[in-house]
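Q: Quick one: this structure, given as structure tokens, is what I'll be asking you about.
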Amino acid sequence: QVRLAESGGGSVQAGGSLRLSCAASGSISGLRLMAWYRQAPGKQRDLVASITAGGFTNYAESVRGRFTISRDNAKNTLYLQMNSLKAEDTAVFYCYLVTWGQNYWGQGTQVTVSS
């Protein structure tokens, strides 16, 4: 069983920065991809950024140039560095892990950006 634990969320003013972390524990076999999703109130859960096992990254257009996804393989930890935050970035951010057999979600961490 794989568990994902996000941390680093909080409240920040527009223009500020936050760094989210997602620690993966358990038996991780056949990792394919890790990603960050977010869900604002009343909206669907959308992809923010992803990184494949080979290190290829992909970003939503709305965050490209402001957010950076990275992974520490030794620590089994995924990161999301968020700079130049905007009020519209306010959402619950979820960590997501895909293996060859299953997909896993974290419990989410709240990010609130005030203008």
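Q: Being surrounded by 14 or more Cβ atoms within 10 Å (Cβ to Cβ) and assigned to a loop (DSSP other than H, G, I, E, B) is the requirement here; does residue 80 meet it? Spell out the reasoning first.
A: Values: surrounded by 14 or more Cβ atoms within 10 Å (Cβ to Cβ): yes; assigned to a loop (DSSP other than H, G, I, E, B): no.
Criteria not met by residue 80.
Q: Please pick out the residue among 45, 19, 32, 38 that is more than 11 Å from residue 76 (Cβ to Cβ), open to solvent by 30 Å² or more (accessible area, probe 1.4 Å) and at pLDDT below 95.
A: Working: 45 fails: at pLDDT below 95; 19 fails: at pLDDT below 95; 38 fails: at pLDDT below 95.
Within the list 45, 19, 32, 38, the selection yields 32.
Q: Tell me, please, whether a residue that is aliphatic (A, V, I, L, M), free of Cβ contacts under 8 Å to residues at least 24 places away in the same chain, on the phi < 0 side of the Ramachandran plot and touching a strand residue (DSSP E or B) at 6+ places or on another chain (Cβ under 6 Å) can be found in the stretch 13-26.
A: no
Q: Might you check whether a residue that is within 11 Å of the chain's Cα centre (by Cα), within 18 Å of residue 111 (Cα to Cα), β-branched (Val, Ile, Thr) and open to solvent by less than 40 Å² (accessible area, probe 1.4 Å) occurs anywhere in the stretch 83-96? First the steps, then the outcome.
A: Initially, the stretch 83-96 is screened for residues within 11 Å of the chain's Cα centre (by Cα), giving 92-96.
If we keep only those that are within 18 Å of residue 111 (Cα to Cα) too, we end up with 92-96.
In the following step, the residues that additionally are β-branched (Val, Ile, Thr) were identified as 92.
Add one more test, that the residue is open to solvent by less than 40 Å² (accessible area, probe 1.4 Å), and what stays is 92.
Yes, that holds for at least one residue.
Q: Something else: Suppose we filter 108, 101, 65 for residues that are surrounded by fewer than 19 Cβ atoms within 10 Å (Cβ to Cβ) and either closer than 11 Å to residue 18 by Cβ or at pLDDT below 95 (or both); which single one remains? Walk me through how you get there before you give the answer.
A: Working: 108 fails: either closer than 11 Å to residue 18 by Cβ or at pLDDT below 95 (or both); 65 fails: either closer than 11 Å to residue 18 by Cβ or at pLDDT below 95 (or both).
The match here is 101.
Q: Looking only at the stretch 1-16, filter to residues that are among the polar types (S, T, N, Q) and at pLDDT 95 or above; which one of those is farthest from residue 79 (Cα to Cα)?
A: Kept after step one, since they are among the polar types (S, T, N, Q), are these residues of the stretch 1-16: 1, 7, 11, 13.
Remaining after also requiring at pLDDT 95 or above: 7, 11, 13.
Values: 7: 10, 11: 18, 13: 20 Å.
Among residues in the stretch 1-16 that are among the polar types (S, T, N, Q) and at pLDDT 95 or above, the one farthest from residue 79 (Cα to Cα) is 13.
The values are calculated or read from the model by the stated rules, or taken from the named source; none is laboratory data. The model shown is predicted, which means the values in this text are computed figures rather than measured ones. Heads up, the Cβs are rebuilt from the backbone with ideal geometry, glycines too, and the neighbour counts pull from every protein chain shown. Protein only, heavy atoms only, side chains kept; ligands, DNA and RNA dropped before computing areas. Shrake-Rupley method; radii C 1.70, N 1.55, O 1.52, S 1.80 Å.
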